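Participant: Once you've had a glance at the structure underneath, I'll fire off some questions.
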C-alpha cells in the first residue's frame, strides 16, 4: 500500500535525523520519531535497512563536509581501544563500523571472553572508571556492558565507548552476514584495513 510505505519512509527520515544529530540507536530513534510525528506507539515501525538508507541520505545532504573526518576520528579511537582490549577478542560494531557515525555517535566494541569477568578486571587494574549496565547481546539475551568516557583528541571531546561482554562461544554466530550480506562487525585487522583504505 503506497500510504503505508510513505508513512514508513517519513518515520525512517525522522529517525535518521535523530540518529545523526543526537547519536541515538535505531530502536530508540524510531520510537521517538513516532512521538515527534504525533503517531500512536503501536504504529508499524520501518525496518532498520530503511532507516539506514535514510541515514545515508541525511548525511549526504547535511553532513557531507564534516562526517568523513568525524568517522575517521571515531575509528581511530575505536582502534586504540581495540588494541588495549586485544586479549578479549574485540570486534567493532554499530555506526562506527558501518560508516554512518558522526561526532554524536558512540563507539561499540564487542568482546568475546573466555572469562566474562576478565575484561572488567582489566579495567579495574588499569584504574579505568566505567559504568556497568546491560544491553541485548548477539543472541538477543542481555549481556553486561562496561561504558567508559574516552577523550578523542581529534574531536576535542569525550566519546562514549561501550564494551559489550560476550562469552567466547558466541563468536561464531556473531560473524554471520546481516540481511544485506555485510559483516555485522569487524576485528582488529578489519578496522586497520578501513583506516588504511582511508589514508591511501
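Only the coordinates and a few stated rules stand behind these numbers; no lab work does. This is a predicted model, so every value here is computed, not measured. Positions of Cβ are backbone-derived with ideal geometry, glycine not excepted, and every protein chain shown enters the neighbour counts.
Participant: I want to check the label-to-label distance for residue 121 and residue 41. Put each point 7 Å from Cα in the C-beta direction and report it in nm to one decimal.
Facilitator: 4.2
Participant: Using only Cα atoms, tell me the angle between helix 48-62 and the longest principal axis of the chain; keep it within 0 to 90° and round to the nearest 10.
Facilitator: Once rounded, the angle reads 90 degrees.
Participant: Return the Cα extents of segment 74-149 along principal axes one, two and three, sorted largest first, each rounded to a whole Å.
Facilitator: So the three principal-axis extents are 32, 29, 21 Å.
Participant: I would also like to ask the following. Taking the DSSP beta bridges in the chain as the whole, what percent of them are antiparallel, to the nearest 5? Working shown, then result.
Facilitator: Details: 19 of 26 bridges.
Beta bridges within the chain, antiparallel portion: roughly 75 percent.
Participant: Continuing with the same structure: Would you calculate a helix-derived [θ] at 222 nm for the chain, using -39,500 (n - 2.57) for each DSSP H run of n ≥ 4 and dividing by the full residue count, to the nearest 500? Before the final figure, lay out the partial values.
Facilitator: On the way: 8 runs with 94 residues, N = 200.
After summing the helix terms and dividing by residue count, I get -14500 deg cm²/dmol.
Participant: Now for a different question. Using only Cα atoms, find the angle between the long axis of helix 26-36 and the longest principal axis of the chain, and express it within 0 to 90 degrees, rounded to the nearest 10.
Facilitator: 40
Participant: Express the relative contact order of the chain as a whole percentage, based on alpha carbon pairs under 8 Å and six or more residues apart in sequence. Intermediate values should be presented prior to the final figure.
Facilitator: On the way: 296 pairs, mean separation 37.5, N = 200.
So the answer I get is 19 percent.
Participant: Still on this structure: Which whole-number value in Å³ per residue fits the convex hull of the alpha carbons of segment 88-200?
Facilitator: Working: hull volume 13.8 nm³, N = 113.
Expressed per residue, the convex hull around the Cα atoms of segment 88-200 is 122 Å³.
Participant: To continue, here is another question. Stretched out fully, how many nm does the piece from residue 149 to residue 62 gain, at 0.36 nm a residue minus the Cα gap? Please report the intermediate quantities before stating the final value.
Facilitator: Values: separation 87, 0.36 × 87 = 31.32 nm, distance 2.71 nm.
Contour length minus the Cα-Cα distance gives 28.6 nm.
Participant: If you fit an axis through the alpha-carbon atoms of helix 188-199 and take the longest principal axis of the Cα set of the chain, what angle between them do you get, 0 to 90°, nearest 10?
Facilitator: Here the helix axis deviates by roughly 60 degrees.
Participant: Identify which of the listed values of Cα extents along the principal axes in Å was calculated from the structure shown: (i) 65, 42, 32; (ii) 52, 34, 26; (iii) 55, 38, 31.
Facilitator: The listed entry that was calculated here is (iii).
Participant: How large are Rg and Dmax for segment 2-62 when only the alpha carbon atoms are used, in Å?
Facilitator: Here Rg and the maximum Cα pair distance are 10.5, 31 Å.
Participant: So what is the relative contact order of segment 2-62, in percent, for Cα pairs below 8 Å that sit 6 or more residues apart? Don't skip to the answer; put the middle values down first.
Facilitator: Values: 56 pairs, mean separation 25.8, N = 61.
Relative contact order of segment 2-62: 42 percent.
Participant: Just to be sure I understand: if I project the alpha-carbon convex hull of segment 13-118 onto a plane and average over all orientations, what area do I get in nm²?
Facilitator: Numbers: hull surface 31.2 nm².
In nm², the orientation-averaged hull projection of segment 13-118 is 7.8.
Participant: In addition: Can you tell which of 105, 93, 118 shows the greatest fluctuation in a Gaussian network model of the chain with Cα springs below 10 Å?
Facilitator: 118
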